[in-house]
Number of protein chains: 2
Amino acid sequence: MNRHPLNPLLSPADLSPSHPELTVIGVFNAGAVIFQGQVLLLLRVAETALKDHQIGIPLMNRHNEITIKLLNPKEDHEFDYSDSRFVAYKKANQNGRVAYLTSLSHLRVARSDDGVHFTIDETPILPEGLYENFGIEDPRITQIGDTFHIVYTSVSSRGVSVSRMTTQDFIHFERQGVILPPENKDVVLFPEKINGRYVAYHRPVPFGIGGLNIWSATSDNLTDWGHHQCIARADDFGYLNGRIGAGAPPIKTSLGWLHIFHGADAKHRYELSAFITDFNDHTLITHFLKHPLLKPEAPYELTGFFDHVVFSCGVVLKDDIVYIYYGAADSTLALAHIPMADLLGDMLPYEYID
Amino acid sequence: MNRHPLNPLLSPADLSPSHPELTVIGVFNAGAVIFQGQVLLLLRVAETALKDHQIGIPLMNRHNEITIKLLNPKEDHEFDYSDSRFVAYKKANQNGRVAYLTSLSHLRVARSDDGVHFTIDETPILPEGLYENFGIEDPRITQIGDTFHIVYTSVSSRGVSVSRMTTQDFIHFERQGVILPPENKDVVLFPEKINGRYVAYHRPVPFGIGGLNIWSATSDNLTDWGHHQCIARADDFGYLNGRIGAGAPPIKTSLGWLHIFHGADAKHRYELSAFITDFNDHTLITHFLKHPLLKPEAPYELTGFFDHVVFSCGVVLKDDIVYIYYGAADSTLALAHIPMADLLGDMLPYEYID
């Protein structure tokens, strides 16, 4: 893997906030696609409402207006403020559950001729409605026919669900509703049907039983999903006590479907790796990388809003080179690339254990 | 509500175990339906493998055979044994997650002419395959045309998911796969389409954000589900810091669709209550009961495998009387009844609060 020398490609200072009371603190975890001959990114932009001695919680209210709830750590003792990403309940029976996020994310389109220098659209794609009042995050883009399907994490006080929106021009976006109920994240759509059905990978976040594993589902219409199966467990890839989740939408290669995914250990240090699934069986892993593809090592990956994170939602294939756009430390957007032949050459046959 | 004087109707002693090494410790949470003029119950039967000084964990292996894993609380210190229902990990980064259930549940058919005296089929419906190795629980039965759809909790080391099986004769059952991924429970199907789509209620169990609330989903084929919406929150019904979940499949009444549901407080004390939804909008609650329908008060409800529980998966309507079959203290099956006119007469108009 080669990191691009201009990394990080995009930083919070490159964007204007979506609202006068907000500050951009992150541009990361972007969906990526080739559109009209350009590299188009759908950026996740995180904003906070920092105030002196107080924590400003930005929320989208039910009239789709930004409101800011103020919490004072010196007075509001019912919350735990130790994780930079959220405020948690302290009450024993709430068991560390998240009360609010400290940032509100929206999406923003960026375009580039060379895949490195981006022009960012001014118009934000803001959270909307009951299931997005804590924000919209981590978009993945899959083109099927003329339509681009964007699956994203829709976060609200009701839970972390997955929703879909569609566009044909990246100017007008149509909401298509919640496709997977809480708690779920990291959904990618395959660009073609397999055995007559659309296929998605998703990552449930169960409360009591089971690990943070990659599941698949199939669908006739991209709206309704069924036949859920657990296809890869964190343990299978050595992320013991940790988590894995799909990253970029799968790419068809000579070996099978290529999946760039993320793994994190129990201390929430994220890295990227890859596996291959069979052309005709999306539940069958045939090859994998023994060593991670990318680990946090560069300064912008090691330190940020949340440290030790490399996290990809989108990959672009051009001239047989895989361009991996990835969020670094939940703060900036970076690029790494590797020839497809090298990536496939490192793949080992995968053998199921258990 | 009138409890039946012969309560509990069924107790563990009424059943033979499904395997020589197992002991029946619970018969409870039964689906209920009128079939061939009889009341047919689909019982949840829980079995343990108690051993001297050890805990025997019954599991269904991948060859669909019962195996027993032995744990010794005096030696196996990595687990927490304080909850009678499960063994939990102690490791900090596993945060009390469930390692094993202490019992394995299967389903069993029982039939009755009078709805009170039951004959129990000898043949158990056993857990099967990867998603059921910890058991199958809490079946709900909905008749659509000639087919009875049984939605049930399929519990495995991969998580707590919801699956569907179908039958036309309650002798042959066909598995239809996982319809909702982890963590989810308490699914009921409406017996007719609303606005051209099948409708289900379900109860996600999110890890980090959101309460234990009732959601709805819709489907064209009962296999694939989408358009998830949160329709009732525990807070809305006063179960603050607690949980609610659908109970019996909805019944059409003069006021709208009647839902018998359960609520539990932060100390896991379960009770039954009811609300009504609009004929044509399954997300619109129109009426509710101000006071619970049934609270644990009888000795068999107060004490058992898990204390202070009344929990219903099935209701039968006969001569305008609502017969509520319910599990008591996760141990026995009981019956309570109320004239439909009285139940509807107690309903108050429901007003949404923000």
>> What do you get for GluC sites (Glu not before Pro) in segment B:32-111 restricted to DSSP loop and a cutoff of at most 13 other Cβ within 10 Å of the site's Cβ?
In response: B:Glu65, B:Glu75, B:Glu78
> Relative contact order (percent) for chain B, with alpha-carbon contacts under 8 angstrom and 6 or more residues of separation?
Replying inline: 15
> What whole number of Å gives the distance from the Cα centroid of segment B:39-83 to the Cα centroid of segment A:46-123?
Replying inline: 43
> Hey, got the average number of other protein chain Cβ atoms within 10 angstrom for residues in A:227-236?
Replying inline: 4
> Where the only charges are on Cβ atoms (+1 Lys, Arg; -1 Asp, Glu), what is the dipole of segment A:1-143 about its Cα centre, to the nearest 20 debye?
Replying inline: 380
> Given a 1.4 Å probe and no ligands, DNA or RNA in the count, how much accessible surface is buried by B and A, both sides, to the nearest 100 Å²?
Replying inline: 4100
> When only C-alpha pairs under 8 Å and at least 6 residues apart count, what is the relative contact order of segment B:161-230, in percent?
Replying inline: 23
> If only Cα atoms are counted, what is the Rg of chain A, and what is its Dmax, in Å?
Replying inline: 19.3, 60
> Using unit Cβ charges (K, R positive; D, E negative) and no other charged atoms, how large, in debye to the nearest 20, is the dipole of segment B:2-349 about its Cα centre?
Replying inline: 700
> What are the GluC sites (Glu not before Pro) within segment B:122-213 that DSSP puts in a loop, where the Cβ has at most 13 other Cβ atoms within 10 Å?
Replying inline: B:Glu122, B:Glu192
> Which of the residues in segment A:138-177 show a loss of at least 40 Å² in accessible area from their chain by itself to the complete set of protein chains, at a probe of 1.4 Å?
Replying inline: A:Arg158
>> Taking loop as defined by DSSP and a crowding limit of 16 other beta carbons within 10 Å, which chymotrypsin sites (Phe, Trp or Tyr not before Pro) in segment A:64-129 fit?
In response: A:Tyr81
> Quick one: putting +1 on the C-beta of Lys and Arg, -1 on the C-beta of Asp and Glu, what dipole do you get for the protein assembly as shown around its Cα centre, in Debye to the nearest 20?
Replying inline: 560
>> Using the Cα centre of segment B:2-349 as origin and beta-carbon charges of +1 (Lys, Arg) and -1 (Asp, Glu), tell me which of B:Ser103, B:Met165, B:Thr123 is placed farthest towards the positive end of the dipole.
In response: B:Ser103
> B:Lys74: which aspartates and glutamates have alpha carbons under 19 Å from its alpha carbon, excluding same-chain residues fewer than 8 sequence positions away?
Replying inline: B:Asp52, B:Asp83
>> Given the options A:Gly210, A:Ala329, A:Pro20, identify the residue whose Cα lies farthest towards the positive end of the charge dipole of segment A:2-349 (+1 on Cβ of Lys, Arg; -1 on Cβ of Asp, Glu).
In response: A:Gly210
> Using only Cα atoms, what is the ratio of the radius of gyration of the protein assembly as shown to 2.2 N^0.38 Å?
Replying inline: 0.97
> What number, in percent, do you get for the relative contact order of segment A:303-354 if the mean sequence gap of Cα pairs under 8 Å and at least 6 apart is divided by its residue count?
Replying inline: 30
>> Exceeding 28 Å between C-alpha atoms, which entries from my cross-link table qualify? They are B:Lys193/B:Lys318; A:Lys185/B:Lys193; A:Lys51/B:Lys91; A:Lys91/B:Lys91; A:Lys193/A:Lys318.
In response: A:Lys185/B:Lys193; A:Lys51/B:Lys91
> Counting only heavy atoms of protein chains, what accessible area per residue, in Å², does the protein assembly as shown have with a probe of 1.4 Å?
Replying inline: 39
>> Taking all protein chains in place and a 1.4 Å probe, what share, in percent, of the accessible surface of chain A do carbon and sulfur account for?
In response: 49
> Which parts of segment A:32-69 would a label at A:Arg175 reach, counting a residue when its backbone N lies under 20 Å from a point 7 Å out along Cα-to-Cβ?
Replying inline: A:43-47, A:58-68
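The values are calculated or read from the model by the stated rules, or taken from the named source; none is laboratory data. Just so it is clear, the structure is predicted and the values come from calculations on it, not from any experiment. Note that we place each Cβ from the backbone using ideal geometry, even for glycine, and neighbour counts take in every protein chain shown. Areas reflect the complete protein model, heavy atoms only, side chains present, ligands, DNA and RNA absent. Shrake-Rupley method; radii C 1.70, N 1.55, O 1.52, S 1.80 Å.
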